[in-house]
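A.B. asks: Please see the structure below; I have some questions.
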Amino acid sequence: MLEYEKSGELKTKSIDLLNLSPSTEVNALVEEIQKAEPLITASRSEQVKLLIQRLQDKLRQHSNHTFYLFKVLRAHILPLTNVALNKSGSCFITGSYDRTCKLWDTASGEELHTLEGHRNVVYAIAFNNPYGDKIATGSFDKTCKLWSVETGKCYHTFRGHTAEIVCLSFNPQSTLVATGSMDTTAKLWDIQSGEEVFTLRGHSAEIISLSFNTSGDRIVTGSFDHTVAVWEADTGRKVYTLIGHCAEISSALFNWDCSLILTGSMDKTCMLWDASNGKCVATLTGHDDEILDSCFDYTGKLIATASADGTARVFSAATRKCLTKLEGHEGEISKISFNPQGNRLLTGSADETARIWDAQTGQCLQVLEGHTDEIFSCAFNYKGDIIITGMGERNT
C-alpha cells in the first residue's frame with residue numbers, strides 16, 4: 001500500500017503483488033512496478049527492492065510451523081463472544097457476555113485493559129489493522145464504542161441503531177467504522193468526529209455480515225433476507241443487490257483485488273459474484289449442510305468453505321472446481337481461515353478442537369486440543385506463527 005500526499009491530503013494506493021513468490025526475480029519485478037506506477041521514482045527503487053525481499057522472506061517462513069499451547073486465559077466471568085488479534089499478534093482482544101471487552105498482551109498473558117461501558121453483551125470486536133491503535137466494540141445495547149489501545153479510554157459512543165449490533169468493520173484507511181445490526185440497517189461512522197456518516201437501508205431482515213473491500217470504496221453486507229448488497233462507501237448508495245441464495249447469508253467478502261465477491265449461505269452453497277456488475281459467476285456446491293464460514297486466501301486464488309456437515313473444502317477461484325476436502329472434525333466447523341502464506345488452513349469446530357491443514361492436499365497436519373467447549377473463533381496473526389482460539393465458556 002502506497003501512501004502519498006495530493007493537494008495536502010494523504011492518499012493511499014495499492015500495488016498488486018499477488019503473484020509474488022520466493023523465486024520471483026526482484027530487479028525485474030521492480031522495473032515492472034516502476035513502468036506501471038509513476039509514484040515509484042528511481043530514488044525509491046532500492047527501498048521497494050528491500051520491501052519485496054522482506055515479503056519474500058515472509059513467504060519462506062513458517063511453511064512447516066508446529067504450534068504448541070502457549071497460554072490458557074480464563075478471560076471473563078461469563079462466556080466469550082469473539083476474539084481478535086492485532087496485525088503483529090502482540091496483543092489480542094476478547095468480547096464477552098459480561099458486557100466488557102478485554103485487551104491482552106499475547107506474550108505474557110497479562111490483561112492490559114478492561115473496556116467497560118456497554119450495558120449488554122459485547123458481541124462484535126475489531127482492531128483497526130494494520131494500524132492497531134484503536135478498537136471498535138459492537139454490543140447488544142445497540143451502540144458501538146471506539147477505544148484507544150494505548151490507554152483503554154473510550155473516544156466515542158456511536159448511537160443510532162435500534163437493535164443489537166452483531167458485526168462491524170474498519171475501512172482500510174481507518175477513517176470509518178461500519179456496523180451491521182438486527183434492525184436491518186448498516187451505518188457508517190466517522191472515527192475522527194464520532195458522527196454518523198450514512199445509514200445503509202435496503203435489507204428486509206437482520207444484517208449479520210459486513211466488510212469493506214481492500215481499497216475501502218465499497219462495502220458488502222449479508223442478511224437473513226437471503227440477499228447480499230454492495231454499497232458505495234463515499235455516498236452510501238446501493239450499487240447492487242446480489243440475489244440467488246435461498247436461505248440466510250452467513251458470510252460475504254471481497255477478494256484482495258476487489259474483482260470478486262464470495263458469499264456463503266445456510267442453503268449449503270457458496271456463490272461467486274463479479275464485483276464489477278453484480279452477476280453470479282459460479283455456485284460452489286458439495287456440502288451436505290449449512291455453510292457457516294468462507295474465505296479467500298490472500299491472493300484470491302483459493303476459496304475455503306466451512307460447514308455444519310463437519311467438513312471444509314478448498315476451491316479454485318479460477319476454475320470454480322473443488323480441489324480438496326478437509327475431513328476429520330467430529331462436529332460442525334464454524335470458522336475457517338488461511339495463513340498469510342496461503343499454504344495452511346485453520347479450522348475451529350464444535351468438537352472442541354482447532355485443526356491445521358495443508359491447503360493443497362487437505363491433509364490434517366495438527367490437532368490443537370485443550371478446549372472443553374465449542375470453538376467459535378480462531379485466527380492467525382499476520383506472520384502466521386501465532387494462533388488464537390476462543391471457546392464458548394470463559395477461556396481463550
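The values are calculated or read from the model by the stated rules, or taken from the named source; none is laboratory data. Since we're looking at a predicted model, the values are computed, not measured. Cβ placement follows ideal geometry from the backbone for every residue including glycine, while neighbour counts extend to all protein chains displayed. Calculation scope for accessible area: heavy atoms of the full protein, side chains included, ligands and nucleic acids excluded. Shrake-Rupley method; radii C 1.70, N 1.55, O 1.52, S 1.80 Å.
A.B. asks: Test residue 269 against the stated conditions and say whether it is under 22 Å from residue 162 (Cβ atoms) and either free of Cβ contacts under 8 Å to residues at least 40 places away in the same chain or under 15 Å from the mean Cα position of the chain (by Cα) (or both).
C.D. replies: When the stated conditions are applied, residue 269 does not pass them.
A.B. asks: In region 263-279, what count of residues is obtained for those that are outside any loop (DSSP other than H, G, I, E, B) and in contact with a Cys (Cβ under 9 Å, 6 or more places away or on another chain)?
C.D. replies: 7
A.B. asks: Of 81, 114, 100, which residue is buried (at least 16 other Cβ atoms within 10 Å of the Cβ), touching a Ser or Thr at 6+ places or on another chain (Cβ under 7 Å) and either farther than 19 Å from residue 389 by Cα or modelled with pLDDT under 95 (or both)?
C.D. replies: That would be 81, the only listed residue that is buried (at least 16 other Cβ atoms within 10 Å of the Cβ), touching a Ser or Thr at 6+ places or on another chain (Cβ under 7 Å) and either farther than 19 Å from residue 389 by Cα or modelled with pLDDT under 95 (or both).
A.B. asks: Somewhere in region 262-279, is a residue β-branched (Val, Ile, Thr) and crowded, with 20+ Cβ neighbours inside 10 Å?
C.D. replies: Yes, because at least one residue in region 262-279 is β-branched (Val, Ile, Thr) and crowded, with 20+ Cβ neighbours inside 10 Å.
A.B. asks: Considering only residues of region 145-186 that are of a type in the set (S, T, N, Q) and out of contact with any His (no Cβ under 8 Å at 6 or more places or on another chain), which is surrounded by the fewest Cβ atoms within 10 Å (Cβ to Cβ)?
C.D. replies: 162
A.B. asks: Have a look at 232, 195, 206 and point out the one that is open to solvent by less than 60 Å² (accessible area, probe 1.4 Å), acidic (Asp, Glu) and within 19 Å of residue 171 (Cα to Cα).
C.D. replies: Every option except 232 fails the conditions.
A.B. asks: Any residue at all in region 211-226 that is farther than 28 Å from residue 358 by Cβ, in contact with a Leu (Cβ under 8 Å, 6 or more places away or on another chain), among the small types (Gly, Ala, Ser) and not in a loop (DSSP other than H, G, I, E, B)?
C.D. replies: yes
A.B. asks: Does region 222-234 contain at least one residue that is under 21 Å from residue 135 (Cα atoms) and touching a strand residue (DSSP E or B) at 6+ places or on another chain (Cβ under 8 Å)?
C.D. replies: Yes: one or more hits.
A.B. asks: Looking only at region 240-259, count every residue that is open to solvent by less than 30 Å² (accessible area, probe 1.4 Å) and either of a type in the set (Val, Ile, Thr) or in a strand (DSSP E or B) (or both) and tell me the total.
C.D. replies: Selection size over region 240-259: 6.
A.B. asks: Let me ask something else. When the residues of region 130-144 are narrowed to those that are under 16 Å from residue 91 (Cβ atoms) and open to solvent by 60 Å² or more (accessible area, probe 1.4 Å), which ends up modelled with the highest pLDDT?
C.D. replies: 133
A.B. asks: Turning to a different aspect of this structure: Taking region 350-388 on its own, how many of its residues are open to solvent by less than 30 Å² (accessible area, probe 1.4 Å), farther than 28 Å from residue 56 by Cα and either touching a residue at least 40 places away in the same chain (Cβ under 8 Å) or basic (Lys, Arg) (or both)?
C.D. replies: Number satisfying all stated conditions: 2.
A.B. asks: Are there any pairs, at least 6 apart or on different chains, whose C-beta atoms fall under 9 Å, with the first in region 163-189 and in contact (Cβ under 8 Å) with a residue 60 or more places away in the chain and the second of a type in the set (Gly, Ala, Ser) and assigned to a loop (DSSP other than H, G, I, E, B), and if so, which?
C.D. replies: Hits for this filter: 171/216; 171/233; 172/14; 172/215; 172/216; 173/216.
A.B. asks: Considering only residues of region 322-349 that are modelled with pLDDT of 95 or more and small (Gly, Ala, Ser), which is surrounded by the fewest Cβ atoms within 10 Å (Cβ to Cβ)?
C.D. replies: Only one residue tops the list, namely 331.
A.B. asks: Further question on the same structure: Within region 280-321, track down each residue that is open to solvent by 50 Å² or more (accessible area, probe 1.4 Å) and part of a strand (DSSP E or B).
C.D. replies: 280, 281, 283
A.B. asks: If I filter region 42-53 for residues that are modelled with pLDDT under 75, within 28 Å of the chain's Cα centre (by Cα) and open to solvent by 80 Å² or more (accessible area, probe 1.4 Å), do I get at least one hit?
C.D. replies: no
A.B. asks: Could you please find all residues in region 19-30 being surrounded by fewer than 14 Cβ atoms within 10 Å (Cβ to Cβ) and modelled with pLDDT of 80 or more?
C.D. replies: Within region 19-30, 25, 27, 28 meet the criteria.
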